[in-house]
1. Can you tell me which residue is most open to solvent (accessible area, probe 1.4 Å) among those in segment 28-65 that are under 17 Å from VAL86 (Cβ atoms) and charged (D, E, K, R)?
2. For ARG52, work out the one condition from (1) more than 11 Å from the chain's Cα centre (by Cα); (2) within 19 Å of THR9 (Cα to Cα); (3) at pLDDT below 95; (4) of a type outside the set (Gly, Ala, Ser) it doesn't fulfil.
3. Could you give me the residue pairs with C-beta distances under 7 Å whose first residue belongs to segment 72-91 and is without any contact (Cβ under 8 Å) to a residue 24 or more places away in the chain, whose second residue is open to solvent by 50 Å² or more (accessible area, probe 1.4 Å) wherever it lies, and which are 6+ apart or on separate chains?
4. Which residue, of ARG68, ARG104, ARG80, is part of a helix (DSSP H, G or I), open to solvent by 60 Å² or more (accessible area, probe 1.4 Å) and under 18 Å from ASP11 (Cα atoms)?
5. Condition (residue is among the small types (Gly, Ala, Ser) and either touching a residue at least 60 places away in the same chain (Cβ under 8 Å) or part of a loop (DSSP other than H, G, I, E, B) (or both)) applied to segment 19-40: is it met by at least one residue?
6. Checking PRO74 against (1) within 22 Å of LEU106 (Cα to Cα); (2) surrounded by 12 or more Cβ atoms within 10 Å (Cβ to Cβ); (3) under 14 Å from the mean Cα position of the chain (by Cα), which single condition isn't satisfied?
7. Please state which of the following conditions VAL6 fails to meet, knowing it meets all the rest: (1) modelled with pLDDT of 95 or more; (2) part of a helix (DSSP H, G or I).
8. Can you name the number of the only condition in (1) closer than 15 Å to LEU8 by Cβ; (2) modelled with pLDDT of 95 or more that VAL29 fails?
Amino acid sequence: MKCFEVFLTSDAERDLEEVFDYITENDSVTRANYVLDRIGKSIASLTTYPERGSIPKELLELGIHEYRQVIFKPYRLIYRTIDKRVYVYLIVDGRRDMQSLLSRRLLCAK
């Protein structure tokens, strides 16, 4: 049963393009397509029960509870649910400096 609509922000769409380009350059188009397919499945899974995602620890430490994440290692998809809509704000390799990235993307956007 699908209850929620999922939307990617323009930043999240750009993130997907960057992930694809990076994997294509450093591995292969086949691997890039595989990773994008798996990320796509993670995004699609948010149509049912998006609350199952965990709160990113970097935001939890700041007392921010409205964002959640699902993980397809090493990628983290950061999103927020508003009514029956899920907005994906960030799709990023979790090995990056998440604190500054989350601050730039989410906290400055408030």
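1. LYS41
2. (2)
3. Within 7 Å, the pairs are PRO74/ARG95; ARG80/GLU66; ARG80/TYR87; ARG80/TYR89.
4. Details: ARG68 fails: part of a helix (DSSP H, G or I); ARG80 fails: part of a helix (DSSP H, G or I).
Going through ARG68, ARG104, ARG80 in turn, just one is part of a helix (DSSP H, G or I), open to solvent by 60 Å² or more (accessible area, probe 1.4 Å) and under 18 Å from ASP11 (Cα atoms): ARG104.
5. Taking every residue of segment 19-40 in turn, at least one turns out to be among the small types (Gly, Ala, Ser) and either touching a residue at least 60 places away in the same chain (Cβ under 8 Å) or part of a loop (DSSP other than H, G, I, E, B) (or both).
6. PRO74 satisfies all of (1) within 22 Å of LEU106 (Cα to Cα); (2) surrounded by 12 or more Cβ atoms within 10 Å (Cβ to Cβ); (3) under 14 Å from the mean Cα position of the chain (by Cα) except (2).
7. Among (1) modelled with pLDDT of 95 or more; (2) part of a helix (DSSP H, G or I), VAL6 violates only (2).
8. Among (1) closer than 15 Å to LEU8 by Cβ; (2) modelled with pLDDT of 95 or more, VAL29 violates only (1).
The values are calculated or read from the model by the stated rules, or taken from the named source; none is laboratory data. Keep in mind the model is a prediction, meaning the values are calculated, not measured. Quick reminder, even Gly has a Cβ in these numbers, built from the backbone with ideal geometry, and neighbours come from all protein chains shown. SASA here: full protein model, heavy atoms, side chains in, ligands and nucleic acids out. Shrake-Rupley method; radii C 1.70, N 1.55, O 1.52, S 1.80 Å.
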